[in-house]
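Single-structure report; data block below.
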Amino acid sequence: MGTKAVSYVTLIGGRRSVVELQQKGPSLFSVWVDGVERRVDSVEIAPGSFSLLVDDRPFVAEVCGDAEGYTVDVGGTRVIVQLTDASARSTDEVAAATAAGPTAIRAMMPGRVVALLANPGESVKKGAGILVVEAMKMENEVTAPAAGKIVEIRVEPGQTVETGQVLAVIE
Amino acid sequence: MGTKAVSYVTLIGGRRSVVELQQKGPSLFSVWVDGVERRVDSVEIAPGSFSLLVDDRPFVAEVCGDAEGYTVDVGGTRVIVQLTDASARSTDEVAAATAAGPTAIRAMMPGRVVALLANPGESVKKGAGILVVEAMKMENEVTAPAAGKIVEIRVEPGQTVETGQVLAVIE
Amino acid sequence: MRSKPRLFRRLLVANRGEIAVRVIRACRDLGIETVAVFSDADRCAMHVHFADVAVRIGPAPATESYLVIDRIMDAARQTGAEAIHPGYGFLAENAEFAARCEKAGLVFVGPPPAAIAKMGDKVTAREVMKNAGVPVVPGSEGVLQEEKEVLAVAQALGYPVVLKASAGGGGKGMRLVADPGEIKSALRAVRSEAKTAFGDDRIYLEKFVVGPRHVEFQILADRHGHTIHLFERECSVQRRHQKVIEESPSPALDAKMRAEMGAVAVKAAASVGYVGAGTIEFLVGADRSFYFLEMNTRIQVEHPLTELVTGVDLVKAQIEIAAGFPLALRQDQITQVGHAIECRVYAEDPVSFFPSPGKIEELQVPGGTGIRNDSGVYQGAEVPVHYDPMISKFLAWGRNRDEALARMARGLAEYRVRGVATNLPFHRWVLSHPRFRSGQYDTNFVSEEYHGLEGATADGGGELAQVAAIAAALAAWGRRKQGSETARGQRQADASRWRDQARREAVRE
Amino acid sequence: MRSKPRLFRRLLVANRGEIAVRVIRACRDLGIETVAVFSDADRCAMHVHFADVAVRIGPAPATESYLVIDRIMDAARQTGAEAIHPGYGFLAENAEFAARCEKAGLVFVGPPPAAIAKMGDKVTAREVMKNAGVPVVPGSEGVLQEEKEVLAVAQALGYPVVLKASAGGGGKGMRLVADPGEIKSALRAVRSEAKTAFGDDRIYLEKFVVGPRHVEFQILADRHGHTIHLFERECSVQRRHQKVIEESPSPALDAKMRAEMGAVAVKAAASVGYVGAGTIEFLVGADRSFYFLEMNTRIQVEHPLTELVTGVDLVKAQIEIAAGFPLALRQDQITQVGHAIECRVYAEDPVSFFPSPGKIEELQVPGGTGIRNDSGVYQGAEVPVHYDPMISKFLAWGRNRDEALARMARGLAEYRVRGVATNLPFHRWVLSHPRFRSGQYDTNFVSEEYHGLEGATADGGGELAQVAAIAAALAAWGRRKQGSETARGQRQADASRWRDQARREAVRE
């Protein structure tokens, strides 16, 4: 029952991975994460709720969101996953997209923007502060997930933001 | 927000009632059961699941089934309700239907028919035994809900039956 | 084995459902990784989701999965498990399985194979107990062969008698015989049942104890020669020899009898070199005489009752004992505090008791003061047709029996399940029955008193019937309203199609 | 009132959420009918479904429903309730409400109005306690007026000091002042806050206790002059003066200190003629000195901890006391058995702690050994935006603190909520923190140690992040597959439409 592999680029907390899927059975998949194969059995037990066995390790993952920004609750933790369908492109194109495509930087939690640390057009290093979001009493610096140029900053100081909202775009 | 009253005939465990509904507000109804008014607030909290306040008494009722045979779980009890829409007919017609219409006698539980006690065409008194259904070790006599003539017996001895299945029809 | 004990790094649970979840929870508490095994019917079962590793062991039928020793052993080897917990049922009292574990260098969380074998054979068990000075029900000396022999022993004991399979247990392979005329057919029936179920058609005879109560004592024994008991459980609410409601303490015992039976239970366990958690079952007659009935060499379904009244985590204790630790508590440190009741909630029709497998569409589990729920399912899960259809063991604790009864009744009223039928109405019936409430019941209680639930709403005149009628009418009203909106749309569509058609036809003319 | 006591036939619960459910359960156990009151936001709330009678008392805002004394009194009159239980919050510590109940001939389940009033005014409470010989935190003698006066007292006490509103409580209306320069602004802030919140801007000064723990004693007093305590609860895991996790016993107390504080608590309650269940809150300094902080004249959120370690049903006791029964237990019959921990599970963001109201799409509540859950919601229920967003009080009991910790950690790992964000990740963080695990924490623990959860998966390299990536990819794959099937249908439809168009155009040429 082998089918053609499908491939995605995921971005989690500033780290990119290439995830390739190939269906092997009714619920069985081979999944390569950055080239390392994982055997995955996946059953959708309720809409958006996946019972997974990843190399025989069970997880229940609740997935919600649109094609570009998923919120995944798994193992008691909330993980925000940005995902790009890369299967239509060649490997080189994927690499290019991964390396150089514009990336949305999203809010990890609801809060209030208290300061902008960079300007649109500015080139920043990986880890450089772009803006500061305050959630109750804590200030959280939002940093560049990779070196690049800031294409756009979509928020202003004082503005409240929701989880997943795009704060800035970096290229 | 008063609307036209709608009326139903219900049959529960051999007892008939006329239930009339009139909507009084978004969730508020006046309901007359055999002419006695009850104030009912009804919110469907999930498909088939009704949060009811009947004269200020709260109930959660789970309703499932088709237009003629409902299974209602309420207060820890399962009640089988046969229901006929009577609003299109005149009061006299409703009375006639209530008194003389053919009535399906249904199985109250899954089991096995062990004996027939009456024959099609036979006239029976209210409470007369029609057939016997065994559920595990217990034999349960199914009796006539009212005096009438047996139009049809739809099962045979030895046959297993499901909850709600029509066993016989009486007129 | 006598080196300094250490806990296992990883343990395989050779079971499913609530008991697999129970064992996984104990392992979590101890910091031990767990391996779940599952059949195809259990791929998305709760115990699979709760484990650290999960391994498929075959198709849905238990004979091709949970009962196949080789598959369990393979799963243990493949995952590097150091110990196997068998739960109850399936392979829990299979001496061969215990021996196979030992041979493979895996620790079997349970007694030595010899103790399982001895207690699994009822005739041997009677013999061992008699020799140890434990009172047994008067009966035949060992296995009986000929019908003539059976008749003679029955005559000597006095009717009624019970004909039992030596390999039987748990209510299977036994017949009550009221007079000599019934011996022949009972003999045939028990032998054939025993042959089919256990591959062993040996039989023996016991006197029938009138109006008996079933009272059992929990024991714990370590590898260092310590054996203690953790008091009793009363299990007389039975339907066809299957326990449905249990409680602890037993309303039938007083302090003297309790102490006496506890001491006997410890002696019985010690006499077979028992290690682990086990249960000594007694029959208690209406005259307060008590007899050894059988020993269960595993954790019992109803063990949480003992946990509630003693505060001891029995599954944790089992695992610590298996790892070689000495018992953490002495006999004089075990006290019985308050009262606990357990209801076994099954997906089954409350009148016919037919299993009602299917998907649990809604599950609202009660909570609050004094409530414990041990479930093997979740909302959205399937109750498979292949196994025991248990939904949960539902327990209530109170300072005294009255408080426990009130809390259990309250909890049962709150418990809601949709999608499958349950025996909750049966439990509510028992909890409201004067004979149960008084504590004066025996194992005949259910068969004598329960005749279905037809009383509740049969005449349709009660308040619940009225509310049901109102709910059904509201549902019908809602559908009609929705229907008429859909129908209006439909009519409009039909009308426009008709107009198109009419227009076309008009053109033709 | 001195006639033979009898329980109420019907009791109105003037509250909502889990505490309303808690009170209804206690009434069920006692055979008392219950009246629920509800605002428009709570029409389908759990407490409405659980009651015998339910009455609407107004729109969603509490100021138009749960806080309106007249509406509650009307509901009680209309339904024939004999008693009113106020729960906690809302009108629970409102002396006027208690007096109005008395005047209307309804039994208020709580202390006499005078005791509420005395303990509600912090300056009076300090005075009463000092006179009774109960140690209070060093501070001003009564209310302070002028800034000059405040400065002088602060100088005498030594900085840092705490400026407090006399009408305040529960963490509201107070400011820490580190040096004289801060007095002016603190004075203005506390006065204006107190004026707005309590309509009373009187203030006083207390010395700041360094590294304090918050330890409180549960007391019960009947109408017959008996007062007992049921040991302590440790409530030092706080976020902005709000308790989030509590435990009992307190790891900070030894037997001697416990006995001493218990005796003081009983003395404190008796000195105000207290009746019912109440709590004496103490500050315990790093030097193990302890001071009276305030008295809560109601049932406490965290009361189930005491129920788990003593076995006493406190809400039942409250109702029995209100009905005039003497206490069922003497002081020497109360023992502390094992250890209990409570986590308050809220619908709120675990990092920002913003409330996250909404519909509970999925709720999987943990079960098993040693777990208690007191919930006010069900799967499918709404957490309204108008009130405290509590989902449940989740508790674990164990024979000792380690066992309780292990069970709580296990339970938190099992607890699943979908549809709203919860603070479960925060609780898991606390349970794994060495400072909490050691028991050596004070009220500064959360503010000093908690900096959000970014550590967990920030770099995307962990196993959970990989699993999340796989899950997201599988979800996208599933949609694409579904999408491509829909798209294929769409393409075919498009193609046929295109052909029709092409044909028509061909005809034209």
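The values are calculated or read from the model by the stated rules, or taken from the named source; none is laboratory data. Please read all numbers here as calculations on a predicted model, not as lab measurements. Glycine also receives a Cβ, built like all others from the backbone with ideal geometry; neighbour counts cover every protein chain displayed.
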#### Entry: One residue from C:271, C:236, C:248 being in contact with a Leu (Cβ under 7 Å, 6 or more places away or on another chain), of a type in the set (S, T, N, Q) and either within 30 Å of residue C:4 (Cβ to Cβ) or touching a residue at least 60 places away in the same chain (Cβ under 8 Å) (or both)
C:248
### Query
Going through segment D:419-453 one residue at a time, which ones are buried (at least 22 other Cβ atoms within 10 Å of the Cβ) and either farther than 23 Å from residue D:392 by Cα or more than 14 Å from chain A (Cβ to nearest Cβ) (or both)?
D:436, D:441
### Message
Can you confirm whether residue D:335 is in contact (Cβ under 8 Å) with a residue 40 or more places away in the chain and of a type in the set (Val, Ile, Thr)?
### Response
no
### Task
Look through D:157, D:151, D:176, D:106 and report the one residue that is over 22 Å from residue D:212 (Cβ atoms) and in contact with a Pro (Cβ under 7 Å, 6 or more places away or on another chain).
D:151
## Note on the structure
Subset of segment D:350-409, residues within 14 Å of chain A (Cβ to nearest Cβ), polar (S, T, N, Q) and within 20 Å of the chain's Cα centre (by Cα), comes to D:352, D:356
### Query
Can you list the strands (runs of 3 or more DSSP E) found entirely within segment D:153-267 that contain at least 2 residues being modelled with pLDDT under 90 and either more than 21 Å from residue D:132 (Cα to Cα) or in contact with a strand residue (DSSP E or B) (Cβ under 8 Å, 6 or more places away or on another chain) (or both)?
D:161-169, D:172-177
### Task
Output the number of residues of segment A:55-77 satisfying the condition of being touching a residue at least 12 places away in the same chain (Cβ under 8 Å), under 15 Å from residue D:464 (Cβ atoms) and assigned to a strand (DSSP E or B).
9
#### Entry: Scope segment B:37-67; condition more than 10 Å from chain C (Cβ to nearest Cβ) and surrounded by 14 or more Cβ atoms within 10 Å (Cβ to Cβ); matching residues
B:41, B:45, B:51, B:53, B:56, B:58
### Where residue C:416 falls short, out of the listed (1) buried (at least 20 other Cβ atoms within 10 Å of the Cβ); (2) within 14 Å of chain D (Cβ to nearest Cβ); (3) more than 20 Å from residue D:370 (Cα to Cα)
(1)
### Task
Scan segment D:78-100 and report the pairs whose first residue is among the acidic types (Asp, Glu) and whose second residue is in a strand (DSSP E or B), with Cβ atoms within less than 6 Å and a gap of 6+ or a chain change.
D:82/D:10
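A quick yes/no check of all residues on (1) touching a Phe, Trp or Tyr at 6+ places or on another chain (Cβ under 6 Å); (2) under 30 Å from residue D:364 (Cα atoms); (3) in contact (Cβ under 8 Å) with a residue 60 or more places away in the chain:
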{"site": "C:377", "(1), (2), (3)": "no, yes, yes"}
{"site": "C:381", "(1), (2), (3)": "no, yes, yes"}
{"site": "C:388", "(1), (2), (3)": "no, yes, yes"}
{"site": "C:396", "(1), (2), (3)": "no, yes, no"}
{"site": "C:405", "(1), (2), (3)": "no, yes, yes"}
{"site": "C:419", "(1), (2), (3)": "no, yes, yes"}
{"site": "C:440", "(1), (2), (3)": "no, no, yes"}
{"site": "C:443", "(1), (2), (3)": "no, no, yes"}
{"site": "C:471", "(1), (2), (3)": "yes, yes, no"}
### Message
With the requirement that a residue be surrounded by fewer than 24 Cβ atoms within 10 Å (Cβ to Cβ) and within 14 Å of chain B (Cβ to nearest Cβ), what does segment D:51-74 give you?
### Response
D:52, D:53, D:55, D:56, D:57, D:74
### Message
Given the criteria hydrophobic (A, V, I, L, M, F, W, C) and farther than 22 Å from residue C:120 by Cα, does residue C:266 qualify?
### Response
no
### Task
Determine whether residue C:347 is over 20 Å from residue B:79 (Cα atoms), in contact with a strand residue (DSSP E or B) (Cβ under 9 Å, 6 or more places away or on another chain) and modelled with pLDDT of 95 or more.
no
#### Entry: Single condition residue C:124 does not satisfy, out of (1) closer than 21 Å to residue C:298 by Cα; (2) at pLDDT 95 or above
(2)
### Query
Looking at segment D:174-207, which of its residues are surrounded by fewer than 19 Cβ atoms within 10 Å (Cβ to Cβ) and among the aliphatic types (A, V, I, L, M)?
D:176, D:178, D:189, D:197
